[in-house]
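Encoded as structure tokens, the structure appears first; notes follow it.
The values are calculated or read from the model by the stated rules, or taken from the named source; none is laboratory data. Source: prediction; values computed, not measured. Here Cβ is always computed from backbone atoms with ideal geometry, including for glycine, and neighbour counts include all displayed protein chains.
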Amino acid sequence: MTEADATPLGHGEGPIDRVIHALNRSFVVLASVALILMMLHVTAEVAARATGWLTLIGTLEIVSYYYMILLVMLPMGFVELRNEHIRVDLFVQMMPQRVQLALYVLSCILCIVFFSMMLWQSFLDAWNSMLRKETIMSNYIFYIWPSRWALPIGFFGLLLAAVCNLLKSIRHRKAL
């Protein structure tokens with residue numbers, strides 16, 4: 001780990017970098033809140049069933065369609081900013097720095113294109129789901145359209161993180 005890697009996110013960078021880091025950190029905070037709520041919800045369900053008092057209706061649906069989606073989608077941009085996604089760069093590490101930079105810039109551009117398409121499609125899906133007030137079959141009316149918005153929000157954070165990493169690598173003339 002280099003000294004630059006050890007510095008907190010957003011320090012020593014431009015204002016755009018700081019905004020992207022702050023936005024993705026806020027997404028992580030929201031995902032953390034969802035994790036705590038899920039933990040409390042499931043614990044309450046288990047305790048209620050164990051004591052025989054009652055069963056909390058909708059626990060499975062809420063965990064599956066709300067908590068889990070938020071936990072997976074929202075932190076993805078933060079993970080990308082920290083370069084902690086899985087990478088296979090065994091052969092790239094043996095290449096000259098210029099080639100590494102060129103490949104990294106190319107991969108960032110491809111990521112930006114891909115995440116832009118994913119953002120657009122997930123936005124359209126969330127919009128259509130909202131217009132239809134999408135529900136699932138359950139013992140009661142369970143609206144799932146609000147959870148559909150986690151995907152475009154998560155892809156937006158991921159897209160911004162890819163742009164931030166691209167600009168950072170160009171600015172430092174080094175693959176991240």
Among the numbered conditions (1) surrounded by 14 or more Cβ atoms within 10 Å (Cβ to Cβ); (2) in a helix (DSSP H, G or I); (3) without any contact (Cβ under 8 Å) to a residue 24 or more places away in the chain; (4) more than 19 Å from the chain's Cα centre (by Cα), tell me where Tyr104 comes up short.
(3)
Within the range 31-60, track down each residue that is among the charged types (D, E, K, R) and buried (at least 17 other Cβ atoms within 10 Å of the Cβ).
Glu45
Checking the condition in contact with a Gly (Cβ under 9 Å, 6 or more places away or on another chain) and either assigned to a loop (DSSP other than H, G, I, E, B) or farther than 21 Å from Asp17 by Cα (or both), which residue from Tyr66, Tyr140 passes?
Tyr140
Scan of the range 100-120 for residues that are touching a helix residue (DSSP H, G or I) at 6+ places or on another chain (Cβ under 8 Å) and β-branched (Val, Ile, Thr), ordered by number:
Val105, Ile109, Ile112
For the condition at pLDDT below 95 and not hydroxyl-bearing (Ser, Thr, Tyr), what is the one hit in Ala175, Ala126, Ala150?
Ala175
Only one of (1) touching a residue at least 60 places away in the same chain (Cβ under 8 Å); (2) of a type in the set (Ser, Thr, Tyr); (3) closer than 16 Å to Glu80 by Cα is not met by Tyr140, so which one is it?
(3)
Count of residues meeting criterion [within 13 Å of Leu166 (Cβ to Cβ) and assigned to a helix (DSSP H, G or I)] in the range 82-101:
1
Sort out which residues of the range 117-137 are assigned to a loop (DSSP other than H, G, I, E, B) and without any contact (Cβ under 8 Å) to a residue 12 or more places away in the chain, and write them in order of number.
Met137
